[in-house]
Amino acid sequence: MARVFTSSFVQNLQSNLSTSLATNINHITQLISLDTVKQDYFQLLIFNEASDNPPQLVYGALENLKTKYHINPEDFLSPDKEFKTVDPNFCPLNIENVHEWSNIYLLFQARKLSRMIAHTWLNHQKDNLTKKRVDLVKEILRLPNLKYEIYWLYKPDKEPENIKETQLARNLSEEEDKKLTSWLIKPEHINYDKIALALLLCGQAYYKDGNDKLTQIWTPIASIYELIYLYGIEVSWDTFYGVIEEISNIGGKQKFPANQIKIPYPPRPSEFNLSQADIETWAEAKYHYDPCDPHVQYPFYPARDTEDWKNKKLNCVYPPFPYIPLSTL
């Protein structure tokens, strides 16, 4: 059954958080302990400012990637960092409110994805780094299957080695025997053709500046677990609403991912239909009220210690302006 993320659908879900959407909470809350996956293999997509070559898709053991590129794996593995998931003070996850929590999580993802798209519609960014990051988001959304070169990081004190598909297959086979490839989007996976988009959404896409410093292109909207087991993704350039539907496999062995999502990325409307000021207001909207800033607009959560907070009534989930795309993951 397909679900279309129109504002009325989202508004209905916002008003009925206890509704079950048949979401398996184990999939959503899958935690990855850094201590247990240090030797497991992960993928990074790296855009290099100093090179005209395609981005590098780098495979490597997590500990080696961390050492080589001076990244913090918690930036994409820790689900409670930087408001990547539901505020536990608003709705702690427990067996009694599992449906409420999962629906808030779904709506939170919708909000984050909508705001990311809004950023790509702004004419001016606040600084050069933000502009570069947003330009890369635009490039990936326009060409989710963009070309890349495959690299394998054998040792953290060496440069990664550019390899062919045949060598990649051999390397993956060796590491699969050691059960170290659970967190990879593999060539046979439905999302491999759009791996640039998948790694962007789960925070494993980076930008390397002229000083070889890596910066995460965007804060994660989903986890790598979700992009492997829950969602196949594609981009639609002719709609303003996302669509999610189950991938049917009647009578066959269960395959992953379980659902297919179309992320909307239509052309930006004219200034007459949607002003830059309105786009910026939504793109920069905060998740929480700030008692020190009376000008906060459209926060996701209600003000703390109010009746709406106690009753888990979300404040603003979908864009208050027409034409800004609405989707989820």
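The values are calculated or read from the model by the stated rules, or taken from the named source; none is laboratory data. What you are looking at is a predicted structure, and each value in this text was computed from that prediction instead of being measured. Note that we place each Cβ from the backbone using ideal geometry, even for glycine, and neighbour counts take in every protein chain shown. The accessibility values were calculated without ligands, DNA or RNA, using every heavy atom of the protein model including side chains. Shrake-Rupley method; radii C 1.70, N 1.55, O 1.52, S 1.80 Å.
Miscellaneous remarks
- Restricting ALA61, ALA118 to residues that are more than 30 Å from THR36 (Cα to Cα), among the hydrophobic types (A, V, I, L, M, F, W, C) and either open to solvent by less than 30 Å² (accessible area, probe 1.4 Å) or over 18 Å from the mean Cα position of the chain (by Cα) (or both) narrows the list to ALA118.
- Residue satisfying all of: in the stretch 202-227; assigned to a helix (DSSP H, G or I) and more than 20 Å from TYR148 (Cα to Cα); most open to solvent (accessible area, probe 1.4 Å) among these: TYR225
- Annotation note: Cβ proximity below 7 Å between a residue of the stretch 293-308 that is in contact (Cβ under 8 Å) with a residue 24 or more places away in the chain and a residue that is among the acidic types (Asp, Glu) and surrounded by 12 or more Cβ atoms within 10 Å (Cβ to Cβ) (sequence gap 6+ or interchain) occurs for TYR301/ASP87.
- For beta carbons closer than 8 Å, sequence separation of 6+ or different chains, a first residue in the stretch 123-135 that is at pLDDT 85 or above and a second that is open to solvent by 50 Å² or more (accessible area, probe 1.4 Å), the qualifying pairs are LYS132/GLU49.
- Evaluating ILE263 against the criteria (1) in contact (Cβ under 8 Å) with a residue 60 or more places away in the chain; (2) open to solvent by less than 20 Å² (accessible area, probe 1.4 Å); (3) over 24 Å from SER236 (Cα atoms) leaves one unmet condition, (3).
- Residue match in the stretch 26-33 (condition: more than 19 Å from the chain's Cα centre (by Cα), modelled with pLDDT under 80 and outside any loop (DSSP other than H, G, I, E, B)): no
- If you go through the stretch 149-158 and keep only what is touching a Leu at 6+ places or on another chain (Cβ under 9 Å) and either open to solvent by 50 Å² or more (accessible area, probe 1.4 Å) or at positive phi (or both), you end up with just GLU149.
- Residue in the stretch 41-57 that is touching a helix residue (DSSP H, G or I) at 6+ places or on another chain (Cβ under 7 Å) and either open to solvent by 20 Å² or more (accessible area, probe 1.4 Å) or modelled with pLDDT under 90 (or both) present: yes
- The stretch 123-142: number of residues that are of a type in the set (A, V, I, L, M) and touching a helix residue (DSSP H, G or I) at 6+ places or on another chain (Cβ under 6 Å): 3
- Among the residues of the stretch 126-148, those that are loosely packed, with under 15 Cβ neighbours inside 10 Å and outside any helix (DSSP H, G or I) comprise LYS126, ASP127, LEU143, ASN145, LYS147.
- Among residues of the stretch 266-312 being among the β-branched types (Val, Ile, Thr) and closer than 11 Å to ALA118 by Cα, the one that is least open to solvent (accessible area, probe 1.4 Å) is ILE279.
- Extreme residue, least open to solvent (accessible area, probe 1.4 Å), among residues of the stretch 95-115 that are charged (D, E, K, R) and under 19 Å from the mean Cα position of the chain (by Cα): ARG111
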